[in-house]
Amino acid sequence: MYFIGVDLGTSACKFLLMDERGEILNITSGSYDVEYPRPGWSQQNPEDWWRAVREGVPELLAGFDASQVAGIGCGGQMHGLVALDEKDQVIRPAILWNDGRTGEQVRFLNGEVGISRLLKLTGNIAYAGFTAPKLLWMRDEESELFSRIAHVLLPKDYLNHLLTGEYATDVSDASGMLLFDVERRTWSDEMLELCGLTPAQMPRVYESYEPIGTLLPEVADELGLPRGVVVAAGAGDNAAAAVGTGAVGAGTMNISLGTSGTVFIPTAEFASGVGDRIHSFCHADGAWHLMGCILSAASCNAWWVNDVLGTDDMAAEQAGIDGSSARADLPYFLPYLMGERTPLNDVNARGAFVGMSMSTTRSDLTRAVLEGVAFAVRDSVEIARSLGVDVTTSTVCGGGAKSRLWLQMLADVLGIELVLPTTEQGPGYGGAMLASVAAGAYPSVAACAGAIVGERERIEPKLELTAAYERRYQIWHGLYPALRDTFETMGARND
């Protein structure tokens with residue numbers, strides 16, 4: 001049997017063909033644009049995602065026996081608001097996970113509704129990227145469009161709807177909407193009412209590994225797939241990546257260096273009362289997890305190298321960097337190019353280089369970008385440690401994990417061992433694994449991960465550098481508080 005994993009990302013949709021032993025047979029991808037209509041705003045046309053599927057799946061299957069495909073599973077960018085009318089037409093461009101337009105709505109939710117109430121209802125507090133603030137923004141700013149909403153979906157759920165005709169989501173993705181009671185794994189009626197919604201507008205909720213249906217006949221024919229292919233509920237990209245790297249069950253952890261950066265820690269039980277410091281969500285394995293998220297990770301490096309330096313050779317930019325030291329005179333970088341989520345929850349936060357001198361070189365600034373992201377990841381790790389989580393090792397995935405310099409720096413900054421899984425295709429691989437469970441090839445997510453996820457290398461921290469990075473981290477950690485008021489003033493002038 002074959003299984004297709006879909007990684008619905010911010011800049012591209014990637015497709016992976018896997019057999020039941022976990023071997024990756026083929027990978028393809030299709031890109032699309034992101035719209036930035038105003039500073040801090042980020043949106044996308046959902047129809048571009050579907051175009052990528054219609055083009056990408058036949059390309060993926062070229063040269064393979066498509067009749068062997070038994071299931072499809074999607075790992076998708078989280079939090080995005082896809083609003084459909086009663087005719088299933090997209091009402092407006094999807095407001096994405098890294099969009100910061102909802103500052104006023106976040107202040108309303110955390111302030112007037114109250115953090116304690118939000119924690120009781122959903123297990124989490126409001127962040128600008130979450131879906132509920134987006135819906136409130138749409139109600140406040142686009143009332144006519146809001147009144148036309150018949151169905152609220154997340155990005156991957158829009159694809160699943162077009163594949164199956166079903167309105168469905170999974171528990172991991174629903175957790176990031178602030179409309180979902182994470183502990184009880186069901187919609188919060190009170191939060192829906194607060195946002196002007198009814199249960200009828202919300203998709204049916206499944207566990208990530210459960211089938212939501214099979215391909216529509218006309219879709220199967222167009223994609224070149226057999227009728228009867230099972231479509232799994234799938235998962236948010238971070239939960240899917242965790243599955244794909246084997247971060248399943250308590251005692252595991254995964255760090256993703258993708259467009260955003262995440263620290264993902266599976267837990268056996270729901271972590272109550274911590275959602276004001278770190279996300280407390282449902283996991284795709286049937287349990288729960290803690291997650292810290294920084295909005296700009298590998299995207300910082302792409303911005304610096306591609307947009308500022310004007311090159312696409314990231315390896316060359318890193319080649320001259322000395323990773324064997326962490327000198328005190330090196331500059332610092334705040335990676336808040338799209339505002340920040342964990343732990344700042346500040347849509348006005350911005351990127352900044354600090355501490356430059358006449359001796360600062362191009363390589364020093366490139367290094368500062370990598371280090372700043374590593375420090376931001378450490379912020380979430382420190383929150384987990386404060387909650388009693390013993391952080392000693394982690395798998396790592398995402399585009400940033402292709403940089404050996406960055407991986408070693410991350411290991412040194414965190415003072416932990418990093419494990420590189422056999423495959424780097426975290427969300428897509430996890431999606432295919434969920435599809436294999438939905439189709440009956442494996443009895444559980446844990447059984448699937450235990451059977452097919454392997455490791456290819458371990459990176460040990462250099463303890464002498466960990467001590468040097470500790471001193472630099474403490475200085476870096478004081479930069480945002482020193483600039484917070486300035487960022488707020490700048491944000492007010494952009495309104």
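Any read-out appearing in this document is the output of simple, stated calculations on the displayed coordinates, not a laboratory observation. Everything numeric in this text was worked out from a predicted model, so none of it was measured. Using ideal geometry, Cβ is built from the backbone for each residue, glycine included, and neighbour counts are taken over all protein chains shown.
Please sort 10-17, 233-240, 175-182, 88-95 by packing, taking for each peptide the average over its residues of neighbouring beta carbons within 10 angstrom, highest first.
233-240, 175-182, 10-17, 88-95
If R₀ is 60 angstrom, what is the calculated FRET efficiency for the pair Met356 and Ser67, using the beta carbon separation as r and rounding to 0.05?
0.50
If the reach is capped at under 23 angstrom between alpha carbons, list the lysines near Lys120, excluding any in the same chain fewer than eight residues apart.
Straight-line reach from Lys120, under 23 Å: Lys134.
Using 7 Å Cα-to-Cβ label points, what is the Arg385/Leu25 separation (nm, one decimal)?
Label at Arg385, label at Leu25, 4.5 nm between them.
Calculate log10 I(q)/I(0) of the range 180-276 for q = 0.11, 0.12, 0.14 Å⁻¹, where I(q) comes from the Debye formula with a single equal point scatterer on each Cα and nothing for solvent.
Result of the Debye calculation: -0.52, -0.61, -0.80.
Quick one: what Rg and Dmax do you get for the range 147-192 from the alpha carbons, in Å?
Cα radius of gyration and Dmax of the range 147-192 are 11.3, 31 Å respectively.
Compute the relative contact order of the chain as a whole-number percentage, counting only Cα pairs closer than 8 Å that sit 6 or more residues apart in sequence.
It rounds to 17 percent for the chain.
Mind ranking 156-163, 222-229 by how tightly packed they are, going by the mean number of other C-beta atoms within 10 angstrom, highest first?
156-163, 222-229
Determine, for each peptide in 107-120, 67-80, the mean count of other beta carbons within 10 angstrom over its residues, then list the peptides with the highest first.
Ranked from most to least packed, the peptides come out as 67-80, 107-120.
I'd like the FRET efficiency for Asp48 and Ala315, computed as 1/(1 + (r/R0)^6) with the beta carbon distance as r and R0 of 41 Å, rounded to 0.05.
Step by step, r from the Cβ atoms, then E = 0.90.
Once the dipole of the chain is set up with Lys and Arg at +1 and Asp and Glu at -1 on Cβ about the Cα centre, which of Gln68, Val377, Leu197 lies farthest towards its positive end?
Ranked along the dipole, the leading option is Val377.
Quote the charge dipole size of the range 366-455 about the Cα centre in Debye, to the nearest 20; the model charges only the Cβ of Lys and Arg (+1) and of Asp and Glu (-1).
That gives the range 366-455 a dipole magnitude of about 180 debye.
Normalised by the number of residues in the range 142-223, what is the relative contact order in percent for Cα pairs under 8 Å and 6+ residues apart?
Answer for the range 142-223 is 35 percent.
Roughly how many nanometres apart are two label points built 7 Å out from the Cα toward the Cβ at His477 and Ala150?
Reported label-point gap for His477 and Ala150 is 5.3 nm.
For the cross-link pairs Lys402/Lys462; Lys87/Lys156; Lys156/Lys462, which exceed 28 Å when the distance is taken from alpha carbon to alpha carbon?
Result: Lys156/Lys462 exceed 28 Å.
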